[in-house]
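Take a look at the structure below.
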Amino acid sequence: MAAPGADILRVGMVSSVGLSAEVTSAAVRAGISRFQETSVLDRRFNPLGMALVATPDLPPLAPGIEKTAGLTARQIRMLRLAGPALRACLKGAPPGPAAVLLAGPEAFPEGRPAPVGPVFLEQLAAQADITIDLARSRVFPAGRAGVFLALAAALEGLSARRYDRVVVGGVDTLLDLYLLGTLDLEERLRAHGIFDGFIPGEGAAFLLLARPGAAQGGTALSRIVSVGTAEEEGHRYNKGAAYRGEGLDAAMKAAFAAAPGEPVRTVYAGFNGESFFAKEWGVALARHKRRITEDFVIEHPADCVGDAGAALGAMLVGLAALSLSEGHRPSRCLAWAPSDLAARGAAILDKA
């Protein structure tokens, strides 16, 4: 029987503070941010602050898709963000088609389709100049917590030996005028006079996973011990249910149940700058005190990269993996993230 969990072999990442996983990790540890006023104006005609990758630093669209009809500006930017991150993740990997489990933005605002679907994977393969095994790949349009749904599927597939290696990642950009306009009307964006809001961001992060011990020469960065997922019935946009903050608790309960042993000493939190998600973290922390040390270290990378949407969860796991590998943060690590809608997710990481 295959061992539970998965080894993280490589991480690829693009963020507003770095064009690689290593640079992003160093910048986040140093507390560097690049929040800047943009040309996008809020409803009061003040410039919005955002955490964006400089457009000249992004590669152009690949020739095969630059004339594709129907691509939105958001989809184009996500392809340009994801391409180099995916290529970096697969650098040095064995040749052959890669199975990719990708977290993407939720179908929000209500009535809009999710921006990322199966066709996006075909376009991403062209943009990254790689071959994706489309038959074994999948998209999870679930926002910040989407990567934990993808990780759960990856661990199950590795255990069942449907994969030898699998790529799990997330990509998103909040640089979308309709989306920003909706969030602005809801007073969720950090702006003049609004302090309980977030800085919109963007990015992409990918993890190359294999079964525990399958990496040759001890090259694994860290190990994903377990993953837990759940749903929050009383999420922000479900006005018909009370917000009890129990979704994250359920996700953490599932992750801890599959990860006996040492308590967590470092937490990579999916806070985005809004106080809304503090309630469920408080509930979860109170219910899992025995599994988290009293002197735990908490990291919230959105302080540096902004709310990177569906990329944020993948960034959290990637940053935790690199910090464990380089000895910058104590083991074990807990990474968690909540989506705007129902999805919640958590993962336990340890040294490889």
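The values are calculated or read from the model by the stated rules, or taken from the named source; none is laboratory data. None of these values were measured; they are calculated from a predicted model. Using ideal geometry, Cβ is built from the backbone for each residue, glycine included, and neighbour counts are taken over all protein chains shown. To get the accessible areas, we keep the full protein, side chains included, count just its heavy atoms, and leave off ligands, DNA and RNA. Shrake-Rupley method; radii C 1.70, N 1.55, O 1.52, S 1.80 Å.
Of the residues making up the stretch 67-95, those that are in contact with a Lys or Arg (Cβ under 8 Å, 6 or more places away or on another chain), assigned to a loop (DSSP other than H, G, I, E, B) and either open to solvent by 40 Å² or more (accessible area, probe 1.4 Å) or modelled with pLDDT of 95 or more (or both) number 3.
When each of Gly31, Gly64 is tested for being open to solvent by 30 Å² or more (accessible area, probe 1.4 Å), assigned to a loop (DSSP other than H, G, I, E, B) and either modelled with pLDDT of 95 or more or under 24 Å from Phe195 (Cβ atoms) (or both), the lone residue that passes is Gly31. Among the residues making up the stretch 100-120, those that are more than 24 Å from Asn238 (Cα to Cα) and crowded, with 21+ Cβ neighbours inside 10 Å are Val100, Leu101, Leu102, Phe120.
Among the residues in the stretch 133-142, are any basic (Lys, Arg), open to solvent by 20 Å² or more (accessible area, probe 1.4 Å) and at pLDDT 95 or above?
Initially, the stretch 133-142 is screened for residues basic (Lys, Arg), giving 136, 138.
The next check asks that each one be open to solvent by 20 Å² or more (accessible area, probe 1.4 Å); those that pass are 136, 138.
Next cut, at pLDDT 95 or above only: 136, 138.
Checked the stretch 133-142: at least one residue is basic (Lys, Arg), open to solvent by 20 Å² or more (accessible area, probe 1.4 Å) and at pLDDT 95 or above.
Pairs meeting the criteria (first residue in the stretch 45-64 and among the acidic types (Asp, Glu), second residue exposed (fewer than 12 other Cβ atoms within 10 Å of the Cβ) and not in a loop (DSSP other than H, G, I, E, B), beta carbons under 8 Å, at least 6 apart or on different chains) are lacking. For residues that are open to solvent by 60 Å² or more (accessible area, probe 1.4 Å) and under 30 Å from Met50 (Cβ atoms), scanning just the stretch 194-234, find the one that is modelled with the lowest pLDDT. Across the stretch 194-234, the extreme among qualifying residues is Phe195. Taking the listed residues Ala259, Ala321, the one that is farther than 26 Å from Glu110 by Cβ, assigned to a loop (DSSP other than H, G, I, E, B) and either among the acidic types (Asp, Glu) or touching a Ser or Thr at 6+ places or on another chain (Cβ under 7 Å) (or both) is Ala259, with no other qualifying. Is at least one residue of the stretch 8-28 closer than 22 Å to Thr131 by Cβ, open to solvent by 20 Å² or more (accessible area, probe 1.4 Å), of a type in the set (Lys, Arg) and part of a strand (DSSP E or B)? Within the stretch 8-28, one or more residues are closer than 22 Å to Thr131 by Cβ, open to solvent by 20 Å² or more (accessible area, probe 1.4 Å), of a type in the set (Lys, Arg) and part of a strand (DSSP E or B).
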